[in-house]
Structures are given as structure tokens and as C-alpha cells.
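Below: the structure, in C-alpha cells.
The values are calculated or read from the model by the stated rules, or taken from the named source; none is laboratory data. Just so it is clear, the structure is predicted and the values come from calculations on it, not from any experiment. Heads up, the Cβs are rebuilt from the backbone with ideal geometry, glycines too, and the neighbour counts pull from every protein chain shown. Note: accessible area is taken over every heavy atom of the protein model, side chains too, but ligands, DNA and RNA are not part of it. Shrake-Rupley method; radii C 1.70, N 1.55, O 1.52, S 1.80 Å.
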Amino acid sequence: RSRTRSFLSKAAANHGVCWQAAASALQGCGGNFSSNHDPACCDPGSLAALDVSMQVSVKKVAVVGAWAQLASPKFSTQTDAIPADEEASSNTGDQPLQQPDWRDFRATLVERERRNEEELAVSADTGVGMGKSWLHVSPLIEKGSVLLAKPGQWALTCPWFHKGVILVVEHDNDQGSMGFLINRPTPELAQHGGVQFNVWYGGPCLGLDAPEREQLCFCLHRRADLADRDPVLKDVFLTDPLSAAAFVNSGKASSDEFILLSGHCGWAPGQLQDELDAGQVWVMVASDVDLLLGSLPRRQQALLRSRGESGRAAFSRGIPLWRRLFKRASASEENIHVDGEFDSDVNSMIERHADRILEGWFHEILSKERQSSPVFAEGSLEALGNMQGSEIVAKILAFMAFDLANGTIQENGCEALRHMITDDESRSMVSAQNGLDAVLRAMRAHPNHWGVQGHCAGTLAHLAAGAPQREEIAGAGGLNVLMEAMRTHPSASLVQYKACGVLANFASTATEQLLVAALFGIEYTIEAMRHHAADSVVQDHCIGTLHNLAKGGSDSRRKIVALGGIPVVEHAVTAHLEAPVVQQVGLHLLQLLQDSPT
């Protein structure tokens, strides 16, 4: 364990930033995630503590007690719990200790609790038990636990975890937790020690979405004969990329035997337990190794084959592995449910939308790795001269792509694109040239630049006037970026009214209204009106958004009323007598709200 902790010390040193980012994102998802990371610890040696902190039922106390016994020093996999003579006879040299996986035995106890012993003896196909594939929901966070992300509204703003499968590789009540996403293969290759490895996205901490010089990589493998550290699970080990490359170069292994993970997932002390207690994001399970990792070698080979056939590996969101494991977890535990404030049809729509956002987000972070500089003759946007139509759009996009780090260029480029969009034909032209990608790339690159956020939101508003473009914006995660801009820049009227212009267009159909509501569009719109009560332009655009939402259905009207929307709209109407849109649309909105059933 000391060798493992030394190896992971660099990752642990960087966890603080990731904890704060994750906590901020999850708070923004509307989850009940406490910022006070000091929960009651679940002491595996104390059944009473488990019973109080987890409020387990009487029926499950026996199972939790068995887990507690198995986690005691008698069953510990740590080397200091083994008699010296036994350790000497079974662990020679520097090889890590190998022991039978006691988790198999624990799985049998869980299954015996779930089904009576007679059924267990008769059924030859339980799929659980010693030597068989097994998976069960577990209340204890431990090294080797697996987190399965629940579908839900939260995933709209945290796409990197949507339908994720995370293997916990370290857990300590005082140090926090660390894990890796193991179902996010990418089309990318990385070279270490002269060897090329397939790249897998391991998590948001120092991963592919970080600058290349800051990325931190690990290798997961199942070769016990090459292990230089204690196992994460039975026959599952971590090593560093250079050591993996040395094994390949010496002929001891092939590159596809190593899963190169770029980045990781990190939680502060108590944070993961808080998230599990909230019950909205994670299902924690224990699983046998083959069920968890058995498909990864095939996926590695598939990446190699597709790269050989087309020159580029196929893209995958990694959902099949999640689906198999989540189905098994749901079958083993009756109490698993997906939280949500909407009915099943709406939740299914939100889940499908989150799938699309995951794909758009994944493509976005991969595009950062491949971005290249364009070749052009002119040196500024003003040098566009008398070019027309698609040539001007292409030139604007070339300037924006060439210097993504320059906020002024991104701001001016988005403003130029906005002026180019005047009708359906020009809207389709900008969209066809990947103008939306450029706008969202600029907003993600400059989250704290209110000018970039405001003018890019203006371009999105013009694009969102077309139904095909709205679908494209939603699929690329554009609404998520927009909500983040409103949250980050509450005092910037440009950001607020331009963003409300986008939301007003999205609130024109029933399905899109549900998306706006699910992403807290009503909350942000009302808050913008409160914050900029004296600004008639903000009031104009925000009232338009609320009006379109209120026309869409009683759920939106009730939510606007519950959030205090009526007095906010009344103030706008009385304070801006000179604004005809505020007067006309505002009065009609008030009528809709006042007629709404409570």
C-alpha cells in the first residue's frame, strides 16, 4: 500500500481542484450534495455504526455484519495482517502479495440473504457465487468498489459522468477517494517510452480536457507476473506508462494488454459518501473482475482493427458496459430507482438528450487534441474585404480557430458570425461550416470573459431561430454552456439578455420547453430579471422566454409562480412603460400565470 500511495501521490496532490470543480458542478445540478465533508464514518468493524449511519433494515443487518467481519484484519488483504512465516512462504522478492478474492465469498453471503438456501441449491444458474460471475449492490466504500452513474437530470450539466463506470482504486476516510472511468475508450493514441497505447478517458482530473503538459496518465492491466504494486482487485494492477512501455519493449507484454487512462476521478474526504447518501447520482456495487473488465481486451482489439481499416479508431461513448452492469445491479436490488421530478416519458427524453450531450462533449475535448492552425494571407478580421457569403464565414472561422486563446478574436469572431445570420439560408450556411462548434469552443475556452460569453450567446440566439440548428445546439451541449454563462456572469446584462434570447427560441416547442426547464432555465431567467430590474432590454428578452414557457404547459406556469415570477413580471410592466414588448408580452404573461391552477 505504501508503494501504491507513493505512486498516486502526484494525483492526490491535484485532487483539491477537482473536488471543488466536481462539488460546484454537482451543486449546479440541483443535487443535495453537502459542502460539509464530515459525515459519520462507516466503521467496518462496528455493526452498530453501520446500522445508525445507513439506517439499514433488520433483514439486512446480518449481511452488513458479514461484510464487517470480512473487512476485519482477519480477512484483510493488507500484507501486515499476514503472519510473517506465511508471508515469507507465499511472497518472495518484491512481488505483490497474491491472495484469493474474499469478495467471491462475500457475494455468496449476499445472494444467500436475498434467496433462501433451498433455492440457491436448486438453481444452477444464479450467476452469483464462488467461481461465477457476480455483482451486487454494496453499502461500503472500499478499494475495488464500482460506481455506476444513475441516469438523471444532473447528467445534463455533468456529461463526463453520464452512464459512467468508475473503479475505485483508493479510499481513505482521511485522504479521500480516487477512481478511474473504465468505459470511455477514445480514438486517440499516446506514445510513452517509444510505445503507442490506446488512450482511455479516466476522468476529469488532469485528463484529456486539461492542457497536455498537465495531463496525468496511468496504466491498468491484469498481468500478475508484471505487477510491481499491490492489486486494486484480484489480478488487477496499476502501473505507470513508462513501466508499461518497458514491459512491451522487452517483449514481456503487448501494448493492448494495458489500458492507458488519461486523468482520474477524485473526491475529498467524506464527499463520495455524501453523494451516495443523496442517492441521486451513484449506485455503488461490488463485482467480479471478469464481469467488470472481461470485455476490455476485446475493445482494445476493436480499436486497433478500426484504426487499421480507416486510419482512425471508431468513437464510443462506452454505454454498453454501463448498461450491462446497471441491469445486473437493478436485478439484484429492488430499491434502485432513478430520481426525477418528471414522469417516465420526460425522464426518458432527458436521458436520451444526456446521451447526445455526452457524445458532443466527448467530441469537443478530443477536438482540442487535433486542432491545427489554418493557412491564410490576411492578418485581421477587417481584411475580409469584399468577399461574400460562405467565403466570409470560412475566413471568420479560420481566424477564430487559429488563435483560440485570444479572447478578443473570439468575441469579435462571434459578433461577425451573428451579423452573417440573417435568414434560414445564411443560418444553414453557418451551421454547415461548423460555425456552432466554433462558437461553443470559444465559450468553453473563455468562461470568465463576459464579452465572449455575451456575443457568442448572441450568435447562438440567431442560430436557434431554426429548428435544425436548435437540435444541433442541444446535441452539442450548447444549452449547458449557456446556463453556465448565465450563472457565472449574473451582473453582465449582455450575457443575460442574449442568453434569454436563446432560451426564448428553445421555448417554442413542448419538447424543448422541457429541456429548458430541466436545465433550470426558468430559475436563471427570473434571477436575471431581478438582478437587472432597471434594464428594459433584459426585461424584454427574459419576459419573452417566460411567456413562451408559460404557453407551453401548466407545469411551467406553476413553476414560474412558485419561484415568485408574478411580482417580478409585474414590476417589469410598471417600471418600463416605454418598452412596448415588455408591456404587451408582460401583460399577456401575467394573465397566463394568474389563470394557472395552483
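Numerical summary
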read-out: Close pairs from the stretch 476-503: first touching a residue at least 40 places away in the same chain (Cβ under 8 Å), partner β-branched (Val, Ile, Thr) and open to solvent by 10 Å² or more (accessible area, probe 1.4 Å), Cβ under 8 Å, at least 6 apart; value: 480/157; 483/157; 484/157; 493/537; 497/537
read-out: Within the stretch 179-239, strands (runs of 3 or more DSSP E) holding 2 or more residues that are at pLDDT 90 or above and hydrophobic (A, V, I, L, M, F, W, C); value: 195-201, 217-221, 237-239
read-out: Flag if residue 461 is farther than 22 Å from residue 162 by Cβ and part of a loop (DSSP other than H, G, I, E, B); value: no
read-out: One residue from 583, 591 being part of a helix (DSSP H, G or I), surrounded by 15 or more Cβ atoms within 10 Å (Cβ to Cβ), among the polar types (S, T, N, Q) and at pLDDT 90 or above; value: 583
read-out: Conditions (1) among the hydroxyl-bearing types (Ser, Thr, Tyr); (2) open to solvent by less than 40 Å² (accessible area, probe 1.4 Å); (3) within 21 Å of residue 494 (Cβ to Cβ); number of the one not met by residue 408; value: (2)
read-out: Options 503, 494, 460: the member that is of a type in the set (A, V, I, L, M, F, W, C), closer than 24 Å to residue 581 by Cβ, touching a Gly at 6+ places or on another chain (Cβ under 9 Å) and surrounded by fewer than 21 Cβ atoms within 10 Å (Cβ to Cβ); value: 494
read-out: Within the stretch 174-202, tally of residues that are under 20 Å from residue 257 (Cα atoms) and buried (at least 21 other Cβ atoms within 10 Å of the Cβ); value: 14
read-out: Flag if residue 226 is more than 26 Å from residue 282 (Cβ to Cβ), in contact with a Lys or Arg (Cβ under 7 Å, 6 or more places away or on another chain) and in contact (Cβ under 8 Å) with a residue 24 or more places away in the chain; value: yes
read-out: Which numbered condition residue 559 misses (of (1) touching a helix residue (DSSP H, G or I) at 6+ places or on another chain (Cβ under 6 Å); (2) under 17 Å from residue 585 (Cβ atoms)); value: (2)
read-out: Those residues of the stretch 545-562 which are open to solvent by 60 Å² or more (accessible area, probe 1.4 Å) and in contact (Cβ under 8 Å) with a residue 12 or more places away in the chain, in sequence order; value: 551, 555, 558
read-out: Extreme residue, surrounded by the fewest Cβ atoms within 10 Å (Cβ to Cβ), among residues of the stretch 506-544 that are touching a Gly at 6+ places or on another chain (Cβ under 7 Å) and part of a helix (DSSP H, G or I); value: 510
read-out: Failed item in (1) assigned to a strand (DSSP E or B); (2) surrounded by fewer than 24 Cβ atoms within 10 Å (Cβ to Cβ), with residue 167 passing the rest; value: (2)
read-out: Residue count for the stretch 411-440, restricted to those that are touching a residue at least 40 places away in the same chain (Cβ under 8 Å), among the polar types (S, T, N, Q) and open to solvent by less than 30 Å² (accessible area, probe 1.4 Å); value: 1
